[in-house]
Amino acid sequence: MRNTGIRMKVNEIFYSVQGEGVSAGSPSVFLRLAGCNLHCWWCDTKYTWMFTESIKERIEKHVKKLGETQDDIKVYDMTTESKDLTAAQVLEKLHGFECKRLVLTGGEPTLQHNDRELLALLGILREEGYYTEIETNGTIIPNGKFVSLISQWNVSPKIESSGNEKIIREKPECYEFYKKLDGSWFKFVIVSEADLDEVLQIIKRYGIPSGKVLLMPEARTKEELQEKSKWLVEICKENNFRFSNRLHIELWGASRGK
Ligand code: SF4
């Protein structure tokens, strides 16, 4: 395979089961890319993007204002958490697992949609019969080639409670794009009941079909997950939305790479 010289920014590669969304429970290989264009205070993969003191301080301030606590707010070492890898290097690792279901995640993986190594990798995986799903925050419209190589889009739009400004988290053209895409799902993370109005407004404003919508509780512990799930299931029943569990929180809490 020819090395294009431009490498993917990879955080980690591991084998597990998909913990969220419509494919929950499916054994999958996770390719986690580094970097994110949003900074959600409750993000459980801060190690993929919290690389500077200024970002860390901003999140710290926000969390303090909310009266919350987070034990993962620190500056992570970018050289450890973001490795420049070629398609061949990633492919070798993926071939080490007996599984042809890939979850491309992050961070925000579409930030690298123009990366030639990533496109080359996705092309080979498609030829080898892999099924590739992507976890995205839905703020970037990827190029056509990239789009053609992804089978399933797990779009997780961020709302006000994420702590990101509206101008960077809500891109109307992206909602229009993703809602028309075959294999797209909209998974909203709900921190509290106060989020529901905003989510319902977004769904209405952009005409997102209810059959594509999932609501998932924000939680970092099993107890928190159970508590929030009880009322969120009722909201899903009322609105004909799917409920998404968080299997990995139930099984392993906030541990990474599981
Ligand atoms: S968009 Fe996703 S990866 Fe980025 S900060 Fe938010 S939760 Fe984390």
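The values are calculated or read from the model by the stated rules, or taken from the named source; none is laboratory data. Predicted model, so just to flag it, every value in this text is computed and none were measured. Every residue, glycine among them, receives a Cβ derived from its backbone with ideal geometry; neighbour counts consider all protein chains shown. Accessible surface areas use protein heavy atoms only, side chains included; no ligands, DNA or RNA. Shrake-Rupley method; radii C 1.70, N 1.55, O 1.52, S 1.80 Å.
At a glance:
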read-out: Residue-wise HN-Hα coupling along the stretch 42-52, computed from phi with Karplus coefficients 6.51, -1.76, 1.60 (Hz; x: Gly, Pro); value: 8, 3, 9, 10, 4, 5, 8, 8, 8, 10, 10
read-out: Degrees, to the nearest 10: 53-66 long Cα axis against longest axis of the chain; value: 20 degrees
read-out: Interchain or long-range residues, amide H under 5 Å from T132's placed H; value: L102, S151, Q152
read-out: Listed residue (Y131, H62, V147) projecting farthest to the positive dipole end of the stretch 8-252, Cβ model; value: V147
read-out: Lone cysteines, the chain (no partner Cβ under 4.7 Å); value: C36, C99, C174, C236
read-out: Taking the chain and dividing mean pair separation by its residue count, relative contact order in percent (alpha carbons under 8 Å, at least six apart); value: 19 percent
read-out: Amide H contacts of F30 (H built 1.01 Å from N, under 5 Å, at least 5 apart or other chain); value: F14, Y15, S16, V103
read-out: Distant-in-sequence amide H partners of V213 (H built 1.01 Å from N, under 5 Å); value: F186, R242
read-out: Over the stretch 146-204, relative contact order from alpha-carbon pairs under 8 Å, at least 6 apart, %; value: 43 percent
read-out: Residues Q226 and K166, FRET efficiency given R0 of 30 Å [Cβ-Cβ distance, rounded to 0.05]; value: 0.45
read-out: With DNA, RNA and ligands ignored, accessible area of F30 (1.4 Å probe; Å², nearest 10); value: 20 Å²
read-out: Rounded to 10°, Cα long-axis angle of helix 196-205 versus longest principal axis of the chain; value: 60 degrees
read-out: Residue-wise HN-Hα coupling along the stretch 155-172, computed from phi with Karplus coefficients 6.51, -1.76, 1.60 (Hz; x: Gly, Pro); value: 8, 10, x, 9, 10, 4, 5, 6, x, 8, 5, 4, 4, 9, 9, 10, 10, x
read-out: Debye log10 I(q)/I(0) at q = 0.13, 0.15 Å⁻¹ for the stretch 127-209, Cα point scatterers; value: -0.43, -0.56
read-out: Acute angle (nearest 10 degrees) that the helix 116-127 long axis makes with the longest principal axis of the chain, alpha-carbon atoms; value: 90 degrees
read-out: Cα gyration tensor of the stretch 74-181 - equivalent ellipsoid semi-axes, whole Å, descending; value: 25, 19, 12
read-out: Global geometry of the stretch 151-194, whether rounded, prolate or oblate, following the gyration tensor of its Cα atoms and the 1.5 cut on a/c; value: oblate
read-out: Listed residues Y15, Y131 arranged by accessible area, highest first, probe 1.4 Å; value: Y15, Y131
read-out: Whole-Hz ³J(HN,Hα) from phi, Karplus 6.51 cos²θ - 1.76 cosθ + 1.60, for the stretch 108-113, glycine and proline x; value: 10, x, 6, 4, 9, 5
read-out: Debye log10 I(q)/I(0) for the stretch 8-252, one point scatterer per Cα, at q = 0.09 Å⁻¹; value: -0.38
read-out: Cβ charges +1 (Lys, Arg) and -1 (Asp, Glu), total dipole of the stretch 2-65, debye; value: 240 debye
